[in-house]
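What follows is a short report on a single structure.
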Amino acid sequence: MLKSTDSAEPDSPVCPERGALLDEVRRLAAPLLEAPPFTLNGQHKSALFTKALRALSRLHAYSCPQYRRILHSEGVDPDTLSETEQLPFLPTALFKRLKLCSVPEAELFKTLTSSGTTSQLRSQIFLDKESAQLQQRALIRTVSSFIGPARLPLLILDCPSVLKNRENFAARTAGVLGFSLFGRERCFALNDDMQLQAEAVESFLSRHLGERVLLFGFTYMVWQYLVEALRRLGRTLPLERGILIHGGGWKSLRAHAVDEQAFKAGVLERTGISEVHDYYGMAEQSGTVYVECEHGHLHVPDFAQIFIRDPHDFGLCGRGERGIVEVCSLLPRSYPGHCLLTEDEGVLLGEDDCPCGRLGRYFKICGRLPQSELRGCSDTYAATAP
Amino acid sequence: MDNLEKYTQAFCEAFEVEPEQAKNLKYQDIPAWDSVGHMGLISCLEDAFDIVMDPADIIELGSFDLGRTMLRDKYGVQL
């Protein structure tokens with residue numbers, strides 16, 4: 001951690017106006033956001049990323065008083081950051097306790113809440129138009145690298161009511177909506193009682209025979225309401241050309257002793273789908289997703305970075321060592337969520353050398369930290385289900 | 001019904017508004033045109049003109065006027 005001897009009053013912004021800072025962020029982040037998302041090697045990326053993250057930290061320090069105080073109390077001056085990993089990370093849980101916002105209230109566009117059950121506090125994420133649009137663009141670039149640029153018939157493994165509650169915009173809604181961008185002719189596979197609508201799904205599929213079809217859902221729901229439901233019904237679906245994207249966490253499935261292999265085997269047996277991509281992401285950095293490639297590795301896009309930290313001293317773990325996942329992203333402009341310590345354990349597997357050809361780091365998630373709450377999107381329904 | 005009427009009709013259908021109101025709309029002007037309503041509008045437009053829009057265009061389509069130019073210039077709809 002950098003120690004600064006500067007004892008300036010933390011509440012006095014020393015920077016010029018926000019507009020100029022924001023322009024600097026846009027300029028420095030552009031090379032990482034506008035190219036295809038897995039094309040920069042570690043060495044090339046590192047310098048560009050640190051510069052952009054420094055500008056982004058400066059913007060948040062100027063615009064968000066709490067963030068400014070956090071940096072000050074850590075003795076960190078964003079201007080003197082020489083490496084990305086020197087920037088203090090905020091624990092994701094902080095967004096549940098504090099309203100952390102870097103734009104004037106009048107510019108707020110949407111408030112996103114993390115998943116969580118009624119007994120738990122939820123994170124609040126404040127978005128302005130620019131951040132919301134950046135998230136969507138980044139999601140498109142990232143996901144297109146895995147499913148191609150064309151929009152496909154989309155089967156959503158969720159119920160229509162997930163889109164009903166528009167005021168309280170939950171992460172599950174955001175996920176379904178975000179991935180709806182990749183679909184045309186949307187069909188919801190479940191009714192509002194979470195029953196698989198097998199006839200409706202078959203009729204949808206019969207209209208798209210021989211076409212590639214995209215399926216999207218939260219991991220637990222895919223298992224419980226598709227794979228298990230089809231097993232109970234003794235049915236299969238003709239989805240040999242389907243692509244399944246799922247995310248939201250494994251905690252409740254692991255409790256049922258279903259691991260990645262069993263999940264993929266079950267999906268293949270009941271639907272014929274062999275192209276399955278898990279993704280990792282969180283409401284606190286929505287738009288930044290880490291998608292699993294054909295070799296089973298989660299990939300970090302150019303506009304983001306991950307570090308694995310030792311749970312005892314928060315030092316950096318080496319390749320292959322298990323630790324706490326820290327995520328950095330250049331997308332959050334309206335709230336200081338650009339550098340976060342998650343509640344997940346993971347392992348850095350490598351950098352620039354995945355056989356799939358994508359450059360950048362790749363990793364895997366081992367699960368939630370022991371003391372952390374049950375909280376993934378996919379687990380929300382599990383926790384509230386009777 | 002000419003194309004402009006069909007185009008306007010898609011907004012009326014998606015957001016339950018009158019044609020006069022539709023013509024001045026921008027994203028987020030009314031509660032119905034939020035991100036959920038937006039995907040509904042895109043389906044209406046795609047059905048009306050039998051087109052499939054690019055994801056990047058979907059997020060750019062921020063107003064009645066912008067959509068009209070986009071459909072004309074990028075999707076060959078006479079508008």
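B:D34 - would you say it is more than 9 Å from chain A (Cβ to nearest Cβ) and among the acidic types (D, E)?
It is false that B:D34 is more than 9 Å from chain A (Cβ to nearest Cβ) and among the acidic types (D, E).
Would you check which residues across segment A:356-370 are outside any strand (DSSP E or B), closer than 18 Å to A:G248 by Cα and at pLDDT 90 or above and list them?
The answer is none; no residue qualifies.
For A:F218, all conditions in the list (1) within 10 Å of chain B (Cβ to nearest Cβ); (2) modelled with pLDDT of 85 or more; (3) under 23 Å from A:S123 (Cβ atoms) hold save one; what is the number of the exception?
Just one mismatch for A:F218, condition (1).
Might you check whether a residue that is within 12 Å of chain A (Cβ to nearest Cβ) and polar (S, T, N, Q) occurs anywhere in segment B:5-19?
No, segment B:5-19 contains no residue that is within 12 Å of chain A (Cβ to nearest Cβ) and polar (S, T, N, Q).
Listed residues A:V76, A:V103; which is away from every other protein chain (no Cβ under 14 Å), over 26 Å from A:V291 (Cβ atoms) and buried (at least 21 other Cβ atoms within 10 Å of the Cβ)?
Exactly one residue qualifies, and that residue is A:V103.
Go through the residues of segment B:38-57 one by one and say whether even a single one is at pLDDT 90 or above, outside any helix (DSSP H, G or I) and either more than 14 Å from chain A (Cβ to nearest Cβ) or in contact with a Cys (Cβ under 8 Å, 6 or more places away or on another chain) (or both).
No - not one qualifying residue is present in segment B:38-57.
Which numbered condition in (1) under 22 Å from A:A30 (Cα atoms); (2) at pLDDT 95 or above; (3) of a type outside the set (D, E, K, R) is the only one that A:L268 fails?
Going through (1) under 22 Å from A:A30 (Cα atoms); (2) at pLDDT 95 or above; (3) of a type outside the set (D, E, K, R) one by one, A:L268 breaks only (1).
Please verify whether B:L25 is surrounded by fewer than 17 Cβ atoms within 10 Å (Cβ to Cβ), modelled with pLDDT of 90 or more, more than 10 Å from chain A (Cβ to nearest Cβ) and closer than 21 Å to A:A132 by Cβ, treating the condition exactly as stated.
Spelling it out, it is not the case that B:L25 is surrounded by fewer than 17 Cβ atoms within 10 Å (Cβ to Cβ), modelled with pLDDT of 90 or more, more than 10 Å from chain A (Cβ to nearest Cβ) and closer than 21 Å to A:A132 by Cβ.
Can you tell which of A:R58, A:R97, A:R69 is surrounded by 17 or more Cβ atoms within 10 Å (Cβ to Cβ) and of a type in the set (K, R)?
Exactly one of A:R58, A:R97, A:R69 is surrounded by 17 or more Cβ atoms within 10 Å (Cβ to Cβ) and of a type in the set (K, R), namely A:R58.
So A:T288 clears everything in (1) part of a loop (DSSP other than H, G, I, E, B); (2) of a type in the set (S, T, Y); (3) touching a Cys at 6+ places or on another chain (Cβ under 8 Å) except one condition, right? Which one?
(3)
So in segment A:122-137, with the set limited to residues that are in contact (Cβ under 8 Å) with a residue 24 or more places away in the chain and within 11 Å of chain B (Cβ to nearest Cβ), which one is nearest to the chain's Cα centre (by Cα)?
Among them, the one singled out is A:Q135.
So which residues in segment A:188-219 are under 11 Å from A:D158 (Cβ atoms) and either in contact with an Asp or Glu (Cβ under 7 Å, 6 or more places away or on another chain) or assigned to a strand (DSSP E or B) (or both)?
A:F188, A:L190, A:L215, A:F216, A:G217, A:F218
Here's the yes/no breakdown for (1) within 14 Å of another protein chain (Cβ to nearest Cβ); (2) crowded, with 20+ Cβ neighbours inside 10 Å; (3) over 30 Å from A:C356 (Cα atoms):
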residue: A:P88; (1), (2), (3): no, no, yes
residue: A:I147; (1), (2), (3): yes, no, no
residue: A:L163; (1), (2), (3): yes, yes, yes
residue: A:G178; (1), (2), (3): yes, yes, no
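Just to be sure before I move on: is A:V162 modelled with pLDDT under 90 and among the β-branched types (V, I, T) in the structure I sent?
So A:V162 fits the description; yes.
Regarding A:A47, is this residue part of a helix (DSSP H, G or I), free of Cβ contacts under 8 Å to residues at least 40 places away in the same chain and within 24 Å of A:L108 (Cβ to Cβ)?
no
Name the one entry in B:R68, B:R72 that is buried (at least 17 other Cβ atoms within 10 Å of the Cβ), farther than 21 Å from A:G178 by Cβ and of a type in the set (D, E, K, R).
Exactly one residue qualifies, and that residue is B:R68.
The values are calculated or read from the model by the stated rules, or taken from the named source; none is laboratory data. Values in this document were obtained by computation on a predicted structure and should not be read as measured data. Please note: Cβ atoms are built from the backbone with ideal geometry, for glycine as well, and neighbour counts cover all protein chains shown.
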